[in-house]
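Here's the structure, in structure tokens; my notes come after.
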Amino acid sequence: MKYNRVVVKVGSALVAPDANGCNGKYLLSIARFITACQNAGKEVILVSSGSVAAGRALIQHGSPNPSIPTKQAMASVGQMKMMANWQRFFDVPLSQLLITHGDLKDRKRYINIKNTLRILLENGVIPVVNENDTGATDELKVGDNDNLAALVALVAEADCLFILSDVDGVYEQDPRVNPAAKKLCEIAKITPKIYQMASGTSNVIATGGMQTKIQAADKATENGIDTYIIDGAD
Ligand code: GLU
């Protein structure tokens, strides 16, 4: 696997694995991997989910599926917790970029983001990107961080995208439903059949599931960015 600039997307299930705020259970090893990449001269951009999950216990809510404003408040308080949690595992500085679809669709803002990322990377900083959940209404949202990560990989002109999640690849059927399901080790072309195989999420913390990972891989690979779906616990 050859790459020089990589986007690593880390899902909520890894950032806040016990549905009770964020912790270092998986992030410590992921941070070690990122540091090893940097030491090997590679540039890394992190796209981290988990702000809503990290803030969940800090905002009162009476339902397993809180309202959008309640989730936005959770994201606002959780983003701080999540960034502080990530920074614990790095000696180099991290920076925070909260972006929306609106930012990526506007040419001027797109160029601003591109330039900011370039300067951060030149200075050995690890940019940490998340969606700006607090201000984003539906039409401004990318909606999920898998697709956001693919868009970030495009803006940053990355050559590789790693999507770290709680599954280790694409299976013909959901392996949690059918443990005998066959894994597709390499997908040369993303066809409608591949989309059909990808079922929705079955994790209460994560928002995307396999469908959004396939969409992200589709966007990225169409632009020559190799995409890997990896079990982040491994
Ligand atoms: N931006 C959301 C968060 O940080 C997550 C979106 C996603 O999981 O894809 O909680």
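The values are calculated or read from the model by the stated rules, or taken from the named source; none is laboratory data. What you see is a predicted model; the values in this text were computed from it and never measured. Cβ placement follows ideal geometry from the backbone for every residue including glycine, while neighbour counts extend to all protein chains displayed. Surface accessibility is based on the protein's heavy atoms, side chains included, excluding ligands, DNA and RNA. Shrake-Rupley method; radii C 1.70, N 1.55, O 1.52, S 1.80 Å.
Remarks
- Measuring r between the beta carbons of residue 185 and residue 122 and using R0 = 30 Å, the FRET efficiency lands at 0.25.
- Accessible-area composition of the chain, carbon plus sulfur, in percent [1.4 Å probe]: 51
- Residue among 214, 45, 68 with the largest mean-square fluctuation in a Gaussian network model of the chain, springs linking Cα atoms under 10 Å: 68
- Values of log10 I(q)/I(0), in the order q = 0.30 Å⁻¹, for segment 139-182 under a Debye, Cα-only, solvent-free model: -1.02
- Within the listed set 60, 87, 173, the Gaussian network model of the chain (springs between alpha-carbon atoms below 10 Å) gives the highest mean-square fluctuation for 60.
- Taking 67, 165, 51 as the candidate residues, the one with maximal mean-square fluctuation in a Gaussian network model of the chain, Cα springs under 10 Å, is 67.
- Here the simple spin-label model places points 7 Å from the Cα toward Cβ, and for residue 58 and residue 231 these points are separated by 3.2 nm.
- FRET efficiency for residue 23 and residue 178, using Cβ-Cβ distance with R0 set to 41 Å, rounded to 0.05: 0.85
- Gained length - residue 36 relative to residue 114, 0.36 nm times residue gap less alpha-carbon distance: 25.6 nm
- Geometric descriptor of segment 22-139, per residue, is 100 Å³ (volume of the convex hull of the Cα atoms).
- At q = 0.12, 0.13, 0.15 Å⁻¹, base-10 log of I(q)/I(0) for the chain (Debye sum, equal scatterers on each alpha carbon): -0.64, -0.76, -1.03
- The value given for segment 1-63 is a Kirkwood hydrodynamic radius of 13.0 Å, derived from the mean inverse Cα-Cα separation.
- Percent of Cα-Cα distances greater than 18 Å, calculated over segment 78-186: 61
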